[in-house]
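Worksheet for the structure shown next.
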Amino acid sequence: ANKNYKQKRTFKVIIVGDAGVGKTCLSFRFCCGKFPEHTEATIGVDFRERSCVIENELLKVQLWDTAGQERYRQSIVAHYYRNVNATVFVYDVTNRESFQSLNAWIRECEKHGLTSDSNSPRILIGNKCDLENGQEKVSMDEAQIFADQNNMALFETSAKSQSEADHVESIFLTLLHKLQ
Ligand code: GDP
Ligand code: MG
(Lines give C-alpha, C1' and ligand atoms only; values in the text may rest on other atoms or scores of the structure.)
(Ligands and ions follow the chains in the order given, each with its own letter.)
Protein backbone atom coordinates (compact mmCIF):
# COMPACT_ATOMS: atom_id res chain seq x y z
CA ALA A 1 0.00 0.00 0.00
CA ASN A 2 2.85 2.34 0.80
CA LYS A 3 3.98 2.55 -2.80
CA ASN A 4 0.81 4.42 -3.69
CA TYR A 5 2.13 7.45 -1.88
CA LYS A 6 4.64 9.55 -3.74
CA GLN A 7 6.47 11.30 -0.98
CA LYS A 8 7.77 10.09 2.29
CA ARG A 9 8.84 12.99 4.42
CA THR A 10 10.48 12.34 7.75
CA PHE A 11 9.54 14.33 10.82
CA LYS A 12 11.71 14.39 13.89
CA VAL A 13 9.82 14.89 17.15
CA ILE A 14 11.65 15.12 20.47
CA ILE A 15 10.05 14.23 23.80
CA VAL A 16 11.51 16.02 26.82
CA GLY A 17 10.81 16.02 30.54
CA ASP A 18 12.14 14.58 33.78
CA ALA A 19 13.10 10.92 34.14
CA GLY A 20 10.13 8.76 35.07
CA VAL A 21 7.34 10.94 33.64
CA GLY A 22 6.57 8.34 30.96
CA LYS A 23 8.30 9.62 27.83
CA THR A 24 9.41 6.17 26.74
CA CYS A 25 5.96 4.70 27.44
CA LEU A 26 4.23 7.44 25.42
CA SER A 27 6.63 6.88 22.55
CA PHE A 28 6.11 3.12 22.75
CA ARG A 29 2.35 3.56 22.91
CA PHE A 30 2.33 5.65 19.74
CA CYS A 31 4.92 3.68 17.76
CA CYS A 32 4.13 0.13 18.90
CA GLY A 33 0.44 0.52 19.79
CA LYS A 34 0.63 -0.60 23.40
CA PHE A 35 2.02 0.08 26.84
CA PRO A 36 5.39 -1.65 27.19
CA GLU A 37 5.47 -4.64 29.54
CA HIS A 38 8.96 -3.86 30.71
CA THR A 39 10.70 -0.54 30.64
CA GLU A 40 14.25 0.13 31.49
CA ALA A 41 15.47 3.60 32.30
CA THR A 42 16.60 5.20 29.08
CA ILE A 43 20.34 5.51 28.78
CA GLY A 44 21.28 8.40 26.53
CA VAL A 45 18.74 8.59 23.72
CA ASP A 46 15.80 6.36 22.85
CA PHE A 47 14.61 6.30 19.29
CA ARG A 48 11.44 4.87 17.76
CA GLU A 49 9.66 5.44 14.48
CA ARG A 50 6.35 4.84 12.82
CA SER A 51 4.83 5.65 9.47
CA CYS A 52 1.46 7.35 9.28
CA VAL A 53 -0.75 8.69 6.57
CA ILE A 54 -1.72 12.32 7.14
CA GLU A 55 -3.87 14.02 4.54
CA ASN A 56 -3.00 11.42 1.94
CA GLU A 57 0.70 11.70 2.48
CA LEU A 58 2.84 8.99 3.97
CA LEU A 59 5.03 10.40 6.72
CA LYS A 60 7.77 8.80 8.67
CA VAL A 61 7.69 10.00 12.26
CA GLN A 62 10.75 9.65 14.43
CA LEU A 63 10.29 10.01 18.17
CA TRP A 64 13.40 10.73 20.19
CA ASP A 65 13.49 10.78 23.95
CA THR A 66 16.25 11.16 26.43
CA ALA A 67 17.25 9.91 29.81
CA GLY A 68 16.28 13.19 31.41
CA GLN A 69 19.05 12.95 33.95
CA GLU A 70 21.20 16.01 34.15
CA ARG A 71 24.38 14.05 33.64
CA TYR A 72 23.36 12.93 30.18
CA ARG A 73 22.26 16.29 28.89
CA GLN A 74 25.63 17.64 27.81
CA SER A 75 26.73 14.59 25.89
CA ILE A 76 23.58 14.20 23.86
CA VAL A 77 22.58 17.75 23.09
CA ALA A 78 24.47 18.32 19.88
CA HIS A 79 22.68 15.89 17.59
CA TYR A 80 19.57 15.58 19.67
CA TYR A 81 18.33 19.13 19.08
CA ARG A 82 19.31 19.28 15.43
CA ASN A 83 16.60 19.37 12.73
CA VAL A 84 13.70 19.10 15.15
CA ASN A 85 10.23 19.48 13.65
CA ALA A 86 8.26 19.46 16.92
CA THR A 87 8.82 19.24 20.67
CA VAL A 88 6.66 17.38 23.17
CA PHE A 89 7.12 18.42 26.81
CA VAL A 90 5.94 15.83 29.34
CA TYR A 91 5.26 16.00 33.07
CA ASP A 92 3.67 13.47 35.41
CA VAL A 93 0.37 14.82 36.81
CA THR A 94 1.09 13.11 40.14
CA ASN A 95 4.59 14.57 40.42
CA ARG A 96 4.69 18.29 41.02
CA GLU A 97 8.45 18.42 40.75
CA SER A 98 8.24 17.17 37.16
CA PHE A 99 5.83 20.03 36.42
CA GLN A 100 8.17 22.57 38.00
CA SER A 101 11.05 21.22 35.93
CA LEU A 102 9.29 22.21 32.73
CA ASN A 103 10.75 25.71 32.89
CA ALA A 104 14.25 24.27 32.81
CA TRP A 105 13.33 22.01 29.89
CA ILE A 106 11.82 24.93 28.00
CA ARG A 107 14.98 27.00 28.56
CA GLU A 108 17.13 24.09 27.44
CA CYS A 109 15.15 23.77 24.21
CA GLU A 110 15.17 27.53 23.64
CA LYS A 111 18.94 27.51 23.93
CA HIS A 112 18.88 25.25 20.89
CA GLY A 113 16.52 27.43 18.88
CA LEU A 114 13.27 25.67 19.77
CA THR A 115 11.33 28.76 20.83
CA SER A 116 7.62 29.52 20.77
CA ASP A 117 8.10 31.68 17.69
CA SER A 118 10.19 29.17 15.77
CA ASN A 119 8.12 27.30 13.23
CA SER A 120 8.52 24.06 15.11
CA PRO A 121 5.41 23.50 17.26
CA ARG A 122 5.55 22.64 20.96
CA ILE A 123 2.93 20.79 22.95
CA LEU A 124 2.58 19.84 26.60
CA ILE A 125 1.42 16.44 27.88
CA GLY A 126 0.41 15.74 31.48
CA ASN A 127 0.87 11.96 31.68
CA LYS A 128 -0.35 9.28 34.15
CA CYS A 129 -3.85 10.71 34.51
CA ASP A 130 -4.97 7.11 35.24
CA LEU A 131 -3.46 7.40 38.73
CA GLU A 132 -5.49 8.42 41.77
CA ASN A 133 -5.78 12.11 42.39
CA GLY A 134 -3.49 12.84 45.29
CA GLN A 135 -2.99 16.19 46.97
CA GLU A 136 0.21 16.55 45.01
CA LYS A 137 -1.60 16.28 41.74
CA VAL A 138 -1.04 19.06 39.22
CA SER A 139 -4.49 20.38 38.31
CA MET A 140 -5.56 20.80 34.72
CA ASP A 141 -6.29 24.48 35.50
CA GLU A 142 -2.79 25.35 36.61
CA ALA A 143 -1.27 23.35 33.78
CA GLN A 144 -3.51 25.23 31.34
CA ILE A 145 -2.25 28.59 32.64
CA PHE A 146 1.31 27.41 32.22
CA ALA A 147 0.61 26.09 28.72
CA ASP A 148 -1.03 29.38 27.69
CA GLN A 149 1.91 31.39 29.02
CA ASN A 150 4.24 29.27 26.95
CA ASN A 151 2.10 29.14 23.85
CA MET A 152 1.57 25.39 23.85
CA ALA A 153 -1.47 23.18 23.50
CA LEU A 154 -2.07 21.08 26.64
CA PHE A 155 -3.25 17.46 26.77
CA GLU A 156 -3.74 15.20 29.78
CA THR A 157 -3.50 11.51 29.07
CA SER A 158 -2.12 8.16 30.15
CA ALA A 159 0.33 5.98 28.30
CA LYS A 160 -0.87 3.06 30.42
CA SER A 161 -4.64 3.17 30.49
CA GLN A 162 -6.27 1.17 27.69
CA SER A 163 -9.12 3.67 27.55
CA GLU A 164 -6.66 6.47 26.81
CA ALA A 165 -4.92 4.53 24.03
CA ASP A 166 -6.79 6.33 21.28
CA HIS A 167 -6.16 9.62 22.97
CA VAL A 168 -2.38 9.18 22.93
CA GLU A 169 -2.68 8.39 19.25
CA SER A 170 -4.82 11.44 18.53
CA ILE A 171 -2.47 13.77 20.42
CA PHE A 172 0.45 12.77 18.22
CA LEU A 173 -1.69 12.88 15.08
CA THR A 174 -2.89 16.39 16.00
CA LEU A 175 0.72 17.44 16.32
CA LEU A 176 1.60 15.90 12.96
CA HIS A 177 -1.24 17.80 11.31
CA LYS A 178 0.33 21.03 12.57
CA LEU A 179 3.49 20.11 10.71
CA GLN A 180 1.89 20.14 7.28
P1 GDP B 1 10.69 8.11 31.14
O2 GDP B 1 11.85 8.09 32.07
O3 GDP B 1 10.10 9.49 31.04
O4 GDP B 1 11.00 7.53 29.80
O5 GDP B 1 9.55 7.21 31.82
P6 GDP B 1 9.11 5.71 31.45
O7 GDP B 1 8.33 5.71 30.18
O8 GDP B 1 10.29 4.82 31.54
O9 GDP B 1 8.08 5.42 32.65
C10 GDP B 1 8.51 5.53 33.99
C11 GDP B 1 7.58 4.71 34.88
O12 GDP B 1 6.26 5.24 34.85
C13 GDP B 1 7.48 3.25 34.44
O14 GDP B 1 7.42 2.46 35.61
C15 GDP B 1 6.15 3.19 33.70
O16 GDP B 1 5.56 1.93 33.79
C17 GDP B 1 5.33 4.25 34.44
N18 GDP B 1 4.35 4.91 33.57
C19 GDP B 1 4.59 5.52 32.39
N20 GDP B 1 3.46 6.05 31.89
C21 GDP B 1 2.49 5.78 32.78
C22 GDP B 1 1.07 6.08 32.83
O23 GDP B 1 0.48 6.72 31.96
N24 GDP B 1 0.42 5.64 33.94
C25 GDP B 1 1.02 4.95 34.93
N26 GDP B 1 0.27 4.57 35.96
N27 GDP B 1 2.33 4.65 34.91
C28 GDP B 1 3.05 5.06 33.85
MG1 MG C 1 12.80 6.90 28.99
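Things to note:
- Unique match (being closer than 18 Å to Val16 by Cα, among the small types (Gly, Ala, Ser) and modelled with pLDDT under 90) among Ser116, Ser158: Ser116
- Flag for Val84 being within 17 Å of Phe155 (Cα to Cα), hydrophobic (A, V, I, L, M, F, W, C), modelled with pLDDT of 90 or more and touching a strand residue (DSSP E or B) at 6+ places or on another chain (Cβ under 9 Å): no
- Of all residues in the range 102-117, at least one satisfies being under 26 Å from Arg48 (Cα atoms), aliphatic (A, V, I, L, M) and not in a helix (DSSP H, G or I).
- Flag not set for Leu124, criterion: in contact with a Leu (Cβ under 7 Å, 6 or more places away or on another chain), surrounded by fewer than 19 Cβ atoms within 10 Å (Cβ to Cβ), within 29 Å of Lys34 (Cβ to Cβ) and touching a residue at least 24 places away in the same chain (Cβ under 8 Å).
- In the range 105-139, the residues that are within 15 Å of ligand 1 (Cβ to nearest atom), in contact with an Asp or Glu (Cβ under 9 Å, 6 or more places away or on another chain) and of a type outside the set (D, E, K, R): Trp105, Ile125, Gly126, Asn127, Cys129, Leu131, Val138
- Only one of Ala159, Ala165 that is in a loop (DSSP other than H, G, I, E, B) and within 27 Å of Glu37 (Cα to Cα): Ala159
- Scanning the range 10-41 for residues that are more than 7 Å from ligand 1 (Cβ to nearest atom), of a type in the set (Lys, Arg) and in a helix (DSSP H, G or I) gives a single hit, Arg29.
- Taken over the range 33-51, the criterion of being touching a strand residue (DSSP E or B) at 6+ places or on another chain (Cβ under 8 Å) and at pLDDT below 90 is satisfied by Thr42, Gly44, Val45, Asp46, Phe47.
- Flag for Val77 being more than 16 Å from ligand 2 (Cβ to nearest atom), of a type in the set (Val, Ile, Thr) and modelled with pLDDT under 90: yes
- Members of the range 81-121 that are hydroxyl-bearing (Ser, Thr, Tyr), farther than 17 Å from Lys178 by Cβ and in contact (Cβ under 8 Å) with a residue 60 or more places away in the chain: Tyr81, Tyr91, Ser98, Ser101
The values are calculated or read from the model by the stated rules, or taken from the named source; none is laboratory data. Just so it is clear, the structure is predicted and the values come from calculations on it, not from any experiment. Quick reminder, even Gly has a Cβ in these numbers, built from the backbone with ideal geometry, and neighbours come from all protein chains shown.
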